[in-house]
Amino acid sequence: MKICVAGVTGWTGSEVARGVMASSDLQLTSAMARSAKGRDVGDALGMGQPSGVIICDNIRDALSSQVDVFIDYTQTQSVKEHAIFAISQGVNVVIGTSGLAAADYDEIALRAEEKGVGVIGGGNFSLTATMMQHLALIAAQHIPQFEVLEHAWAEKEDVPSGTARELAEKLGDVQKPQQARPINSLHGPRETRGATINGVQVHCVRMPGFTLRCEAVFGMKGENLTIRHEAGQSAEPYVAGTLLAARKVAKITGLVRGLDELLFKDVT
């Protein structure tokens, strides 16, 4: 299976590219990174030997050779455009970049259905983060009051993170949480109660010392439950889930949202 990795020199994209090159059933045939145009992937990643893949700085050049799956780990402002272009070329897509809203995914899903290709988009391709989300969705079936909290590094550009956004959207699909006091009845700055995503209050902290922490907090009279995932400094945990998605995406048509759909449901 021929793979293109966009954002190949980035924190996650570089680890995904190494994972592709180390696998026996995947082949890195194309790569994209604006800051490393014209360099060999092996050289750009400090691998000690050339890979034979020269980095492009735009998606048209990156997909000019044969590509089965386009994996995007670039930036929020460009990922939707990349996905739609790849779909138009009949290329399956794995979206690892965070920041897309439900409406963005709705449009991508429509384009993929029309073209007959597969797209897998996930707020987080970590297997343990996926388990956190899965357990939170089970809890939301039984506990009527819950909110989402997340912490990330100070410079992170998107709020909330893809992990927190996807969690809130899916929790709200299980049920809309009860509010002991409606937001519009509060006194003082209502923004302190967070943003509402699919009926769920989401609170974001941006501060040095954090990589990514996301938690669903549930409350009942006299007790509460927190289900938390916390990421370390390495991007390695995201590789296995991303490569699993790359192997599965060619077997589907349309959009699959979230790695949990691959792990816990028969979508292929």
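Rule-based calculations on the coordinates, nothing more; no lab input. Here the structure is a predicted model, which means the values were calculated and not measured. Cβ: placed from backbone, ideal geometry, glycine included. Neighbour counts: every protein chain shown.
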Plugging the Cβ-Cβ distance of residue 65 and residue 139 into 1/(1 + (r/R0)^6) at R0 = 51 Å yields, to the nearest 0.05, a FRET efficiency of 0.65
Ordered by fewest other Cβ atoms within 10 Å, a rough proxy for footprinting exposure, 204, 56 read 204, 56
With Cα coordinates, the longest principal axis of the chain makes an angle with the long axis of helix 162-174, in degrees rounded to 10, of 50 degrees
Scoring only Lys, Arg, Asp and Glu (+1, +1, -1, -1) among other residues with Cβ under 9 Å from the Cβ of residue 57 yields +1
If the chain between residue 49 and residue 131 were fully extended at 0.36 nm per residue, the gain over the current Cα-Cα distance would be 25.8 nm
As a percent rounded to 5, the proportion of antiparallel DSSP bridges among beta bridges in the chain is 45 percent
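Could you rank the peptides 80-87, 166-173, 214-221 by their average count of other C-beta atoms within 10 Å per residue, with the highest value first?
Details: 80-87: 21.1, 166-173: 23.4, 214-221: 18.4.
In decreasing order of mean packing, 80-87, 166-173, 214-221 become 166-173, 80-87, 214-221.
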Compactness summary of the chain: radius of gyration and Dmax from Cα atoms, Å, are 19.2, 63
Per-residue Cβ contact counts at 10 Å, fewest first, order 115, 251 as 251, 115
Between the Cα axis of helix 127-140 and the main Cα principal axis of the chain, the angle (0 to 90°, nearest 10) is 30 degrees
The summed charge of the residue 187 Cβ neighbourhood (under 14 Å; Lys/Arg +1, Asp/Glu -1) stands at +2
Over the Cα atoms of the range 127-231 the radius of gyration and the largest Cα-Cα distance (Dmax), both in Å, equal 13.5, 41
As straight-line cross-link partners of residue 80, the qualifying lysines (C-alpha separation under 22 Å, not fewer than 8 residues apart within one chain) are 2, 37, 115, 156, 170, 248, 251
The answer for residue 120, listing residues at least 5 apart or on another chain whose modeled amide H is closer than 5 Å to its amide H, is 93, 94, 95, 256
Descending packing, highest mean Cβ count within 10 Å first, for 256-262, 2-8 is 2-8, 256-262
Pseudo-spin-label distance residue 159 to residue 183, built 7 Å along Cα→Cβ, given in nm, is 1.4 nm
Expected sort for 37-48, 116-127, 235-246 on mean C-beta neighbours within 10 Å, highest first, is 116-127, 235-246, 37-48
Taking Cα atoms only, helix 237-249 is inclined relative to the longest principal axis of the chain by an angle, in degrees rounded to 10, of 70 degrees
Rounded to whole angstrom, the alpha-carbon centroid of the range 239-262 lies from that of the range 87-134 at a distance of 8 Å
One finds, for residue 25 and residue 176 with R0 = 45 angstrom and r their Cβ-Cβ distance, a FRET efficiency to the nearest 0.05 of 0.60
